[in-house]
Amino acid sequence: MLYNDQLRAGLPTLPPHMASLPVFKGYPVPYFVGLIDGVPDFRLVDPLKLKRCLEFEACWLCGKPLGAHRHFVIGPMCVVNRITSEPPSHLDCAHFAVEACPHLINPGAKRRSANLPDELRHPAGTMVPDNPGVTVIWESKTYSVVNAPDGGELIDIGDPEAIEWWKDGHRASRAEVVPLFEKSVGRLRKVAEDRLDREHASAATRVEEIAALDVDIGRAMRWFLPPE
Ligand SMILES: [Zn+2]
């Protein structure tokens, strides 16, 4: 039976919110996960679940109503551009995800698009693959849904109330965060420059956009951990 798997040994205690999720291959199946022929594929987002999370403020990971606190599980690039495709979660669900299965909760990192039904292809927007090894839990009270260039919806995660940095299932230190953040920022700059090249941007546009990116990077660096 696909769904009769026991949770694998060594996982952290499942938070009550996630206790009723189906289990597949030893892991709880997050609410958002899409199915192919009835089989969950952890890399896929079910567009109906995405819609429900956005409309009814349900938790991305357990599907239950969110309370007053909303936590986005994001990569460091999202700390810069403050845009994600994935709705927020309960804090206990976010903690389970980053502790137990960090590779499961960032489908953008490995999302495949070939040979998939259209409705299961990645969500709106051209997301930059962001799998730098550091994950951020970003609490926000000011997020909003925005239109993506391709007609779908993305989320502006707003200003943070609090940030936690995680790496390999544990809270990350500043020494771990900074180099991985810089690597992500390098990729973000490259993507921006490549796009400006493709668009044959004028020198003025180029200067303006790169300066705006630098402002966003500076803003993100204010949320680094304090020096040890
Ligand atoms: Zn939850």
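The values are calculated or read from the model by the stated rules, or taken from the named source; none is laboratory data. Since the model is a prediction, treat every value here as computed from it, not as a measurement. Ideal geometry is used to build each Cβ from the backbone, glycine not excepted, and the neighbour counts take in all protein chains shown. SASA here: full protein model, heavy atoms, side chains in, ligands and nucleic acids out. Shrake-Rupley method; radii C 1.70, N 1.55, O 1.52, S 1.80 Å.
Some notes on this structure:
- Of the trypsin sites (Lys or Arg not before Pro) in region 1-97, the ones in a loop by DSSP (not H, G, I, E or B) with at most 13 other beta carbons within 10 Å are Arg8, Lys25.
- Reach of Lys51 by Cα under 25 Å, taken over lysines that are not fewer than 8 positions away in the same chain: Lys64, Lys110, Lys141
- Cross-link partners of Lys49 among aspartates and glutamates, defined as those whose alpha carbon lies under 20 angstrom from its own and excluding same-chain residues fewer than eight positions apart: Asp37, Asp41, Glu57, Glu86, Asp92, Asp118, Glu119, Asp150, Glu153, Asp156.
- You can think of it this way: the chain between Val146 and Arg171 has 5.9 nm of extra reach, that is 0.36 nm per residue less the Cα-Cα gap.
- Accessible area in the full protein assembly, largest first, 1.4 Å probe, for Thr13, Thr205: Thr13, Thr205
- Within the accessible area of region 136-228 (1.4 Å probe), percent carbon and sulfur: 54
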